[in-house]
Amino acid sequence: MDVLRTYCITLLVFVFAVVTPVAHAGTMSNLYSVELPVNAETQAPTDAQITEGLKQVLVKVSGKRSLNTHPVIRQQLQTPSTFLQQFSFTSRIIAGQNVTRLLLDYNSAAVDHLITQTGVKPLGIQRPTLLVWLVSDQQGYQDFVSADSVEINLLNSTARARGLPIQLPLLDLQDQTAIQVSDVWGLFEDAVQASSIRYRPDAVIAARLQKSNSGVIQLEAIFLTDGKVERLSYSGNAESVLTQMVDTISDQLFNPVVSHDLSYFQSGVAVKVSNINSLSNYVQMTDFLKSLPIVRTLKPERVMGGDVVLRLELDGSEKQLQQAIGVEPRIQAMDQQLDLNGFKILSYRWQG
């Protein structure tokens, strides 16, 4: 039986590698909008509500949890209504009770400008996608957590709050052949990797939720990205452990493409690379450039769709940089461009 299962997994890996197209990074919508629970409809939202909504939007748009502690942000939070574009209320019956929510929409240009004042560029709507395998024993036996469960609803809401696109496996016949509940429960890396290939995610998390007699939930997981495996462990209630997991993963996935120093932009050679459609592409491309002896430092300046603009400080000339890049088959030289200030940008297309 083990031989047959190993054969099936190997066959699935081969088939999906051949016929499944590479997935692009996930697209997030409603980044500049939030919903807040309220007791009743009012004529207008309070400053406290507008402030809370703006804080949530800043985290989603920037990809950084710590942004709200920046002095520039703290100052602007004193007048939050200047960022509000419109608001509305919605009511619906949930579990027999009337639930009212306040919908707040913020001005995207104003929010983006505020974020750039902190030295961070907005992450954009294209985000790395996380595939989630989740099992639980909270019903007395181990099984995959269903898509309509409380845990998955919590996971989805937490991921939306961080602006992280997540995928859930189909758990169809192909998945059932490739992976068992016991594989996820045991956090077996090989089975998780093999069964995830068909989805082409940027990163994968396999996690188990185990409830103790006291009601405390223990979450154990393996996080797979860019050929690395990291073990995660949290305890608490379902909401807290899932939030901690999503925050940890978001911090790691978003950090390479959002952090930079604005004062750095005026120095170094600008290099634009197109066709960067996943976090894996981004890491491979930047690792290659960093490996060049002529490149002293590299920092991202702008990320928009599949285009990335970098600033490179060199130990040599621009011509030497072009020669060094030219020997790499994964990156193709394109016609040089000019930025808005008329400065030259070296342009390439990633072929990896």
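The values are calculated or read from the model by the stated rules, or taken from the named source; none is laboratory data. Keep in mind it's a predicted model, so treat the numbers as computed, not measured. Every residue, glycine as well, gets a Cβ built from its backbone with ideal geometry; the counts of neighbours run over all protein chains shown. Just so you know, the surface numbers come from the protein's heavy atoms only, side chains and all, with ligands and any DNA or RNA stripped out. Shrake-Rupley method; radii C 1.70, N 1.55, O 1.52, S 1.80 Å.
S66 passes every criterion in (1) surrounded by 14 or more Cβ atoms within 10 Å (Cβ to Cβ); (2) assigned to a helix (DSSP H, G or I) apart from (1). Do we find that S280 is modelled with pLDDT of 85 or more, surrounded by fewer than 21 Cβ atoms within 10 Å (Cβ to Cβ) and small (G, A, S) in this structure? Spelling it out, it is not the case that S280 is modelled with pLDDT of 85 or more, surrounded by fewer than 21 Cβ atoms within 10 Å (Cβ to Cβ) and small (G, A, S). Exactly one residue out of E318, E301, E328, E313 is in contact with a His (Cβ under 9 Å, 6 or more places away or on another chain), of a type in the set (D, E) and in contact (Cβ under 8 Å) with a residue 40 or more places away in the chain, and it is E301. If the Cβ limit is 8 Å and pairs must be 6+ apart or interchain, which residue in segment 224-240 that is closer than 19 Å to Q284 by Cβ pairs with which residue that is among the hydroxyl-bearing types (S, T, Y) and open to solvent by 30 Å² or more (accessible area, probe 1.4 Å)? That search, which allows pairs on different chains as well, returns D226/S280. For segment 191-223, give me each residue that is buried (at least 23 other Cβ atoms within 10 Å of the Cβ) and part of a loop (DSSP other than H, G, I, E, B). P201, D202 - these are the residues of segment 191-223 that are buried (at least 23 other Cβ atoms within 10 Å of the Cβ) and part of a loop (DSSP other than H, G, I, E, B). Annotation: K344 fulfils all but one of (1) open to solvent by 60 Å² or more (accessible area, probe 1.4 Å); (2) modelled with pLDDT of 85 or more; the unmet one is (2). The residues in segment 120-137 that are open to solvent by 50 Å² or more (accessible area, probe 1.4 Å) and outside any strand (DSSP E or B) can be counted, and the count is 2.
Residues checked against (1) open to solvent by less than 80 Å² (accessible area, probe 1.4 Å); (2) at pLDDT below 90; (3) of a type in the set (S, T, N, Q):
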residue: A23; (1), (2), (3): yes, yes, no
residue: G26; (1), (2), (3): yes, yes, no
residue: L36; (1), (2), (3): yes, no, no
residue: R92; (1), (2), (3): no, yes, no
residue: A109; (1), (2), (3): yes, no, no
residue: L114; (1), (2), (3): yes, no, no
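Of all residues in segment 306-321, those that are within 32 Å of the chain's Cα centre (by Cα) and open to solvent by 50 Å² or more (accessible area, probe 1.4 Å) total 1.
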